[in-house]
Amino acid sequence: MIPKKIVITGGPSTGKTSVINKLEELGYYCMHEISRSITLAARKQGIDQLFITDPLVFSERILEGRHRQFDEAASVKEKIIFMDRGLPDVVAYMDCFQKTYGDHFNQTCRNNIYDQIFLLPPWLEIHTSDNERYENYEEAIRIHDCLQATYKRFGYSVYEVPKLSVESRVRFILQNLIDAS
């Protein structure tokens, strides 16, 4: 049995981590976001914001890490795996901030297909910035639009998750899973 790979994505401060944590609490297998760990590792090397300092290096590391997660998912003995972001997120961010990248980014996205995408929209009331999350709310809106456009460009139907309580968002996701039984 190859598990269904379900992506939970969205711009900064949309509640992705809370949703992933709740799904995990309910017993679902979840793969967590890797960008914070890459940012923190770069800080230990004296680079404050790797995405700003060297967006291509940062994005290569994210692409490699998410590709590893995608490959690891095939060996998980579960019906469903929820993933905090997917490979197309890397392309979306690069496009959103008008950064150049090699075609292997697009090729990696085309060659590694997820089963379903849930997009959490920008939400002003929960938006915050911190040491790893530096985007303001206007950038969060732009990132959301880029994520939506990028996933659609790669042929995905994108399910937008309503701005509700964490429990209600999780219920929406679970009720809208396609053929995950």
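Bear in mind that the values in this text are calculations on the coordinates, not laboratory data. Note that the structure is predicted; figures quoted are calculated from it, not measured.
For the reader, a short list of remarks on this structure follows.
- Across region 89-94, coupling constants 3J(HN,Hα) worked out from phi with the 6.51/-1.76/1.60 Karplus curve, θ = phi - 60°, read 4, 5, 5, 4, 5, 5 Hz, and Gly and Pro carry x.
- Derived scalar couplings between HN and Hα for region 138-147 equal 5, 5, 4, 5, 4, 4, 4, 4, 5, 4 Hz in order, rounded to whole Hz, by the Karplus curve 6.51 cos²θ - 1.76 cosθ + 1.60 (θ = phi - 60°), x for Gly and Pro.
- Pairs from the list K16/K152; K16/K99; K16/K79; K16/K163 with a Cα-Cα gap above 23 Å: K16/K99.
- Karplus 3J(HN,Hα) series, Hz, for region 77-84 with 6.51 cos²θ - 1.76 cosθ + 1.60 (x for Gly, Pro): 8, 9, 6, 9, 10, 9, 10, 7
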